[in-house]
Amino acid sequence: METALQWARGPIFWTAFAFMILGLLRLVVITVLDIRHIMRDAGDKSLPVGQLIRTTLSWLFPVRRFTHRITYSLTTIIFHVSIIIVPIFLGSHVMLWERSIGLSWPTLSTTVADVLTILAVVTALAIVVQRTIFADARRLSRFQDYAIPLLIAVPFASGFVAMHPTMNPFPYEATMLVHVMSANILFILIPFSKISHCLLLPFTQFVSEAAWRFPSDCGTQVAVALGKEKQPV
Amino acid sequence: MSTRDKYAYYIEERTLNVTERPRRFLEAFAAVLNSSSYGPALDTYTRLTTHCGRCAVSCQLYDVTRDPQDIPCERSEMLLKVYRRYFTRAGLFKARLFDDFTLTDEYLDQMADAYYRCTACRRCKLTCPIGIDHGLITHLGRYLLAEIEVIPKALVVATREQLEGVGNTSAIPAAALTDTCEFLEEELMDMYNLPAKYPIDVEDAEYVFFPAVSDFLLEANTLMGNAAVMHVTGGSWTIGTGNFDGINYGLFYSDRMLERIVKNIAGEVRRLKGKKVLVGECGHATRSAWFVPTFGGPDAPEVVNCMQYAYQQLKAGKLPLKDEKITERVTYHDPCNIARNGRITEEPRELLKAICSDFVEMTPNRTENYCCGGGGGTVSIDEIREFRTGPLGKRKADQIRATGAKYVVAPCANCKKQLREVCEDNDLPDVEVVGLHDLLLRVIDYTGFTEEKAETDTDAAEDLLKPVKEGVEA
Ligand code: SF4
Ligand code: SF4
């Protein structure tokens, strides 16, 4: 168990983490190059940049997005806030970073961290439940849409009990192993799954707008490719 | 199978004769991906779509039908599924390992139904955290379906007339256009002693005018309003007999047609050595004309909507208005094609506030407006009227009812037709659907612009459309 944990938080962690970073960067680079490529070939090279940035920001900080399904919106927002803040600003995580790469930054107080961690787990479960409540969300939900929030809840729940030994029915090392390995699995999954929106979201509004910027002969080219230049309407 | 049974809308006979549809569909898909800008959006959407369901409640159709097939994300997923399976590496790989989804005739039929239930109004895009543009997917889905000849008959027949027939979607010959303009001029004289002209084929004008050509048959007041505004503001404009139709159904079913029609518009402006495209009161004509920079070449003319022009003139103090305002309650319907992206929302409101004493907003409005229910060309399909004014139009009817307005101003040929039918079918008999220029015509102060009436015959109203109608029949 001891060695397994050593491995999990050592080489396996570093590999998974690097994999995530490189995977996400690859997606960002592809997306940015795609947009550049489109705009280079486009007949109309204007983009309403200001408007796109405003829309993007309104989704990154969705304070005004409570027009309908208030609980559902609130749940997802709390979920996002806590799963972003806790892993980055948790005291013991920052300590690990300091020890390994010598960098540190401000940390959360343990109470705040505890509350946010509990919120992360509760909202993850609440998302799954609400997906089954609304007919449309239920209809749209795929296996991964239930699995991913649940999988995300695992490192938070296990991390929480590991920090609170009195509440923990399992041995510390086993709990930590679950904590670290579930996080490692998530790191690997992130670039391949919808969670990659964590880095791609700032680009999606631009992609959607750029999709309407056609090359000046896009229709003709299709006609030629399909041998339909002479075909009547 | 008859051409009306296959899909909810009428199709042409030839649609039924296309063979090997899945193969053709995929070939067209490949060709389109190669030469257009859809690919990155499809990649992003297939990667990120979170299937959260937020978009559902923002669609006026799903809101009424509660039919799962009308959930925006569900509809878009139909095409994304094909893309994922045939055009992404992961999809090809998965297909090799498992007995995965294959594109079938039946699946294509489902898409053909789904993509013409959506009006491509893009309202749902506003509520998607990922920014998925379902209007774009519907647009692309219809384009690909058109390549296997699935096109509503109403749209393809009109486009054929425009590109290969008389030259416009209403089949109005140039001679009939000239006659109609003369009649409209007489009418302006009769009503207001206003010697306004419709300058035909004048070279070097600043604006070349492209209304929805159907206005010449149906919206005489809007066109008279256009002429009145141009006259009192001293605008330099012309109508070209080579091409006087702003309608572009390519926007609704095929980028190939979109490109050809837009190029014809730019071509007519060049022929007349005009400077700008002036689009009449029409939402989709305006949005298509905004593709002039895309397809019109490096010296593409600028595009101005007539409401933008009128507002500029008002601001510059060049649009004289009578003191008496319109007192009946007026509300404004934002056509999706000009309002959704926020490009034209304030100009019409400023104009209306200047000429009406009781202007009220519908809620929601501007970028968040509800589609009239006839968007995306569905308004031209008379066979689906019940669907258009029922589930698709119900939200709009509710909105209009809530305002208690007498006049609904809808500066769009499509919206006008649809809203009139919506009001008829949803028990709103007292509401009148008009154009913005219809109202402007009534309130412009013509003092100083009038001329003594020459001898003209009265009752031109009936005669007004006669030459056009004869032209069409011929
Ligand atoms: S584009 Fe409009 S009609 Fe189509 S799904 Fe979205 S909201 Fe509904
Ligand atoms: S809001 Fe966007 S991600 Fe959510 S279900 Fe609709 S299209 Fe899919």
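The fraction of accessible area contributed by carbon and sulfur in chain B is 48 percent, rounded to a whole number (1.4 Å probe; ligands and nucleic acids excluded). Using alpha carbons only, the radius of gyration of chain B set against its Kirkwood radius gives Rg/Rh = 0.99.
For region B:11-150, a crude dipole built from +1 on the beta carbon of Lys and Arg and -1 on the beta carbon of Asp and Glu, taken about the Cα centre, is about 620 debye to the nearest 20. Note on B:250-259: average number of Cβ atoms from other chains within 10 Å of each residue's Cβ is 4.
Highest mean packing first, where packing is the average number of other Cβ atoms within 10 Å per residue, the peptides A:96-104, B:155-163, B:78-86 line up as B:155-163, B:78-86, A:96-104. Membrane-span-like helices in chain A, defined purely by DSSP H runs whose alpha carbon atoms cover 27 Å or more axially and whose average Kyte-Doolittle hydropathy reaches -0.5, are A:13-41, A:70-89, A:110-133, A:143-163. Accessible-area loss of 30 Å² or more (1.4 Å probe, protein heavy atoms, chain alone versus all protein chains) is found in region B:24-52 for B:A31, B:S35, B:S37, B:P40, B:T44, B:R47, B:L48, B:T50, B:H51, B:C52. Among the residues of A:42-51, the average count of other protein chain beta-carbon atoms within 10 Å of the residue beta-carbon is 3. Think of each Lys and Arg Cβ as +1 and each Asp and Glu Cβ as -1; about the Cα centre, that makes the dipole of chain B roughly 2580 debye. Among B:27-33, A:68-74, the peptide with the highest mean count of other Cβ atoms within 10 Å heads the list, and the full ranking is B:27-33, A:68-74. If you find the alpha carbon centre of region B:81-121 and of region B:312-332, how far apart are they in angstrom? Between the Cα centres of region B:81-121 and region B:312-332 lies a distance of 52 Å. For the pair B:T363 and B:E302, what calculated FRET efficiency results from E = 1/(1 + (r/R0)^6), where r is the Cβ-Cβ distance and R0 = 35 Å, to the nearest 0.05? Efficiency at R0 = 35 Å is approximately 0.55. With a cut-off of 14 Å on the backbone N, the residues of region A:136-175 near the modelled label site 7 Å out from A:E2 along Cα-Cβ are A:173-174. Ordering B:A405, B:Y86, B:V232 by Cα displacement along the dipole of chain B toward the positive end leaves B:Y86 in first place; charges were set at the Cβ atoms of Lys, Arg (+1) and Asp, Glu (-1).
Averaging the Cα positions of each part gives two centres, and for region A:104-158 and region A:202-233 these lie 41 Å apart. Taking every full run of DSSP H in chain B, the ones that stretch at least 15 Å from end to end by Cα along their long axis and average 0.5 or higher on the Kyte-Doolittle scale are B:134-146, B:220-233. Need the C-alpha centroid separation for region B:139-200 versus region B:229-246, integer Å. Result: 15 Å between the Cα centres.
Chain B and chain A together bury an accessible surface of about 4900 square angstrom, both sides counted, with a 1.4 Å probe and no ligands or nucleic acids included. Accessible area per residue for chain A, computed on protein heavy atoms with a 1.4 Å probe, is 54 Å². Taken about its Cα centre, region B:263-318 carries a charge dipole of about 160 debye when Lys and Arg each add +1 at the Cβ and Asp and Glu each add -1 at the Cβ. Adding -39500 (n - 2.57) for every DSSP H run of four residues or longer, then dividing by how many residues the protein assembly as shown holds, sets the calculated 222 nm ellipticity at -17500 deg cm²/dmol. Say the cut-off is 22 Å between C-alpha atoms; which of A:K230/B:K6; B:K125/B:K416; A:K45/B:K318; A:K45/B:K276; B:K125/B:K315 go over it? From A:K230/B:K6; B:K125/B:K416; A:K45/B:K318; A:K45/B:K276; B:K125/B:K315, over 22 Å: A:K230/B:K6; B:K125/B:K416; A:K45/B:K318; B:K125/B:K315.
Counting DSSP beta bridges with both partners in chain B, what percentage is antiparallel, nearest 5? If we restrict to bridges inside chain B, about 5 percent are antiparallel. Of the peptides B:90-98, B:326-334, B:423-431, A:123-131, the order by per-residue mean of other Cβ atoms within 10 Å, starting with the highest, comes out as B:326-334, A:123-131, B:423-431, B:90-98.
Projecting the Cα positions of A:L24, A:L52, B:V262 onto the charge dipole of the protein assembly as shown (unit charges on Cβ atoms of Lys, Arg, Asp and Glu, taken about the Cα centre) puts A:L24 furthest along the positive direction.
Interface residues of region A:57-74, defined as a loss of at least 50 Å² in heavy-atom accessible area between the chain alone and the complex of all protein chains with a 1.4 Å probe, are A:W59, A:H68. Solvent-accessible surface of chain B, taken per residue with a 1.4 Å probe and all protein chains present: 36 Å².
The values are calculated or read from the model by the stated rules, or taken from the named source; none is laboratory data. Just so it is clear, the model here is predicted, and its values are computed rather than measured. Using ideal geometry, Cβ is built from the backbone for each residue, glycine included, and neighbour counts are taken over all protein chains shown. Accessible surface areas use protein heavy atoms only, side chains included; no ligands, DNA or RNA. Shrake-Rupley method; radii C 1.70, N 1.55, O 1.52, S 1.80 Å.
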